[in-house]
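The values are calculated or read from the model by the stated rules, or taken from the named source; none is laboratory data. For clarity, every value in this text was computed on a predicted model and none was experimentally measured. Methodologically, a virtual Cβ is constructed for each residue, glycine included, from the backbone with ideal geometry; neighbour enumeration extends over all protein chains shown. Side chains included, ligands, DNA and RNA excluded: accessible areas come from the protein's heavy atoms. Shrake-Rupley method; radii C 1.70, N 1.55, O 1.52, S 1.80 Å.
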Amino acid sequence: MPLIDIHVLEGVFTDEEKAQMIAETAKGFGKVAGKTMEEMTSVRVHEVKSGHWGGSQSVWTTKRALEAKAKG
């Protein structure tokens with residue numbers, strides 16, 4: 001039923017972190033929508049190539065994302 005997409009830059013998160021994102025996102029949705037909906041929720045993590053994402057001020061890179069992640 002519900003499908004949640006998460007987009008991240010490639011090389012920023014480990015497979016274990018992506019698995020945690022998937023599980024915790026589905027659980028969070030379930031807290032609002034209910035246990036049955038949680039069990040029917042699918043989550044996808046899409047990795048976007050470094051330099052292929054950005055905003056009006058700059059193009060975002062894996063290096064920039066890793067620096068931000070390190071800051072916490």
Need the full-extension length gain, Ile4 to Glu39, defined as separation in residues times 0.36 nm minus the C-alpha distance. One decimal, nm. 11.3 nm
Starting from the Cα-Cα distance between Leu66 and Val32, subtract it from 0.36 nm times their residue separation and give me the gain in nm to one decimal. 9.1 nm
Any idea of the accessible area per residue across the chain, 1.4 Å probe, to the nearest Å²? 72
Using 1/(1 + (r/R0)^6) with R0 = 22 angstrom and r between the beta carbons of Thr14 and His52, what's the FRET efficiency to the nearest 0.05? 0.60
Per residue of the stretch 37-50, in order, report the coupling 6.51 cos²θ - 1.76 cosθ + 1.60 (Karplus, θ = phi - 60°) as ³J(HN,Hα) in whole Hz, putting x for Gly and Pro. 5, 4, 5, 9, 7, 10, 10, 10, 10, 9, 9, 9, 4, 3
Loop sites in the chain: trypsin sites (Lys or Arg not before Pro), DSSP, at most 14 other Cβ within 10 Å: Lys49
The set of residues whose placed amide H lies less than 5 Å from the amide H of Val48, leaving out same-chain residues fewer than 5 positions away, is Val8, Leu9, Glu10
Just to check I understand the Karplus step: with θ = phi - 60° and J = 6.51 cos²θ - 1.76 cosθ + 1.60, what whole-Hz values come out for the stretch 5-16, glycine and proline as x? 9, 10, 10, 9, 6, 4, x, 8, 10, 6, 4, 5
Two decimals is fine: what is log10 I(q)/I(0) at q = 0.11, 0.26 Å⁻¹ for the chain, from a Debye sum with one equal scatterer on every Cα and no solvent? -0.35, -1.08
For the chain, which whole-number percentage of the solvent-accessible area (1.4 Å probe, protein heavy atoms only) is attributable to carbon and sulfur atoms? 56
Distant-in-sequence amide H partners of Trp60 (H built 1.01 Å from N, under 5 Å): Gly51, Trp53, Gly54, Gly55
